[in-house]
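Since the structure comes first, as structure tokens, the remarks are kept for the end.
The values are calculated or read from the model by the stated rules, or taken from the named source; none is laboratory data. What you are looking at is a predicted structure, and each value in this text was computed from that prediction instead of being measured. For neighbour counting, all protein chains shown are included, and Cβ atoms are generated from backbone atoms with ideal geometry for every residue, glycine included.
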Amino acid sequence: MRGANGVVLITTKRGSKEKLKITIRSNIKLSYLNRMPEFLDAYDYAVLANEASVVSGNQQRYSDIELELIKYGLDPDLYPNVNWRKEILKNTSWQNTHYISARGGGSIARYFVSMGGFLQNHLHINKIYQVNIKESWL
């Protein structure tokens, strides 16, 4: 950076007076969830909810019939037993970053062209794509 009288001049990458030079970079990363809390299933939750309700001086929240329905999965619409962590999250995610550039030129013209890409799989079920392209001609 150069500048005078409060002016800042930033010079970006440019082509050079040389043979074609190609640069390639690639980065791959794996993320892993090594610690996640273990949650109760629906039946264990219902039993503990009943116990907490009785200890507090209230009636049971779930009857014995409801507990049997939950335990054996006889009514999954009204009493579902879903492990949301397994339904929504993955244990691993990949991140890929790739970059390629070319620079060169002669006495008449110089050039610099670059292109980069980014792909990331999240721990939840989704993907993000991003591509950047830059060029400079002189």
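Numbers at a glance
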| read-out | value |
| --- | --- |
| Evaluation of Val47 against (1) of a type in the set (Val, Ile, Thr); (2) under 30 Å from the mean Cα position of the chain (by Cα); (3) surrounded by 11 or more Cβ atoms within 10 Å (Cβ to Cβ) (one fails), failing number | (2) |
| Residue list for region 53-71, restricted to those being loosely packed, with under 11 Cβ neighbours inside 10 Å and not in a loop (DSSP other than H, G, I, E, B) | Val55, Asp64, Ile65 |
| Selection from region 95-108 of residues that are exposed (fewer than 14 other Cβ atoms within 10 Å of the Cβ) and either at pLDDT 85 or above or among the acidic types (Asp, Glu) (or both) | Asn96 |
| Scope region 109-125; condition part of a loop (DSSP other than H, G, I, E, B) and either polar (S, T, N, Q) or under 14 Å from Lys29 (Cβ atoms) (or both); matching residues | His122, Leu123 |
| Region 19-41, residues that are surrounded by 10 or more Cβ atoms within 10 Å (Cβ to Cβ), closer than 30 Å to Val82 by Cβ and touching a Ser or Thr at 6+ places or on another chain (Cβ under 8 Å) | Ser31, Leu33 |
